[in-house]
1. Of the conditions (1) touching a strand residue (DSSP E or B) at 6+ places or on another chain (Cβ under 6 Å); (2) modelled with pLDDT of 95 or more; (3) not in a strand (DSSP E or B), residue 77 clears all except one; give me its number.
2. What number of residues within region 69-88 satisfy the criterion of being surrounded by fewer than 10 Cβ atoms within 10 Å (Cβ to Cβ) and more than 19 Å from the chain's Cα centre (by Cα)?
3. May I ask you to list the residues in region 144-159 that are within 26 Å of residue 87 (Cβ to Cβ) and in contact with a strand residue (DSSP E or B) (Cβ under 6 Å, 6 or more places away or on another chain)?
């Protein structure tokens, strides 16, 4: 799915667009409330390097507008350390000779009890990249189990296709 998105664009054309932008394009984009692809290209262009301070200010304003002046503390819940990849930086790497575990329903609920006792209301679900054991069905089930206990659930899992991301949001949205 992601490949299809990237195939919509020709990198040479995008690169030419970015490199064609001048200072006036950057200044124009910085003044706008809603940005187009052309404006975004201007903000990425070499001409924008002279406007880094203005870019930082605009970015900060948009971040405050969107998220407010808040910090949310979360705690990770490791649902599984099973992984099919070999990444040198990761403890879940397939070539690491460690005991592999994927939490059962009971183990998930035990973790929830401990996490809630620590006062957390925001959780990050973490897995390795193992679609066969912690694929979309497992993730949906885990989210349904824990959603009643947390006001915010984030995920850090294997790449999914657009349909699976839609399924995650659609199928878990109305669970209370």
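1. (3)
2. Quick first cut of region 69-88, residues surrounded by fewer than 10 Cβ atoms within 10 Å (Cβ to Cβ) only: 69-71, 73, 88.
Checking which are more than 19 Å from the chain's Cα centre (by Cα) leaves us with 69, 88.
Number satisfying all stated conditions: 2.
3. Our first condition is that a residue be within 26 Å of residue 87 (Cβ to Cβ); within region 144-159, this holds for 153-159.
Result: 153, 154, 155, 156.
Okay, residues lined up against (1) in the same structural domain as residue 34 (by TED's automatic domain parsing); (2) surrounded by 13 or more Cβ atoms within 10 Å (Cβ to Cβ); (3) in contact with a strand residue (DSSP E or B) (Cβ under 8 Å, 6 or more places away or on another chain):
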| position | (1), (2), (3) |
| --- | --- |
| 62 | yes, no, no |
| 106 | no, no, no |
| 114 | no, no, no |
| 140 | no, yes, no |
| 163 | no, no, no |
| 167 | no, yes, no |
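The values are calculated or read from the model by the stated rules, or taken from the named source; none is laboratory data. Keep in mind that this is a model prediction, so the values were computed, not measured. Positions of Cβ are backbone-derived with ideal geometry, glycine not excepted, and every protein chain shown enters the neighbour counts.
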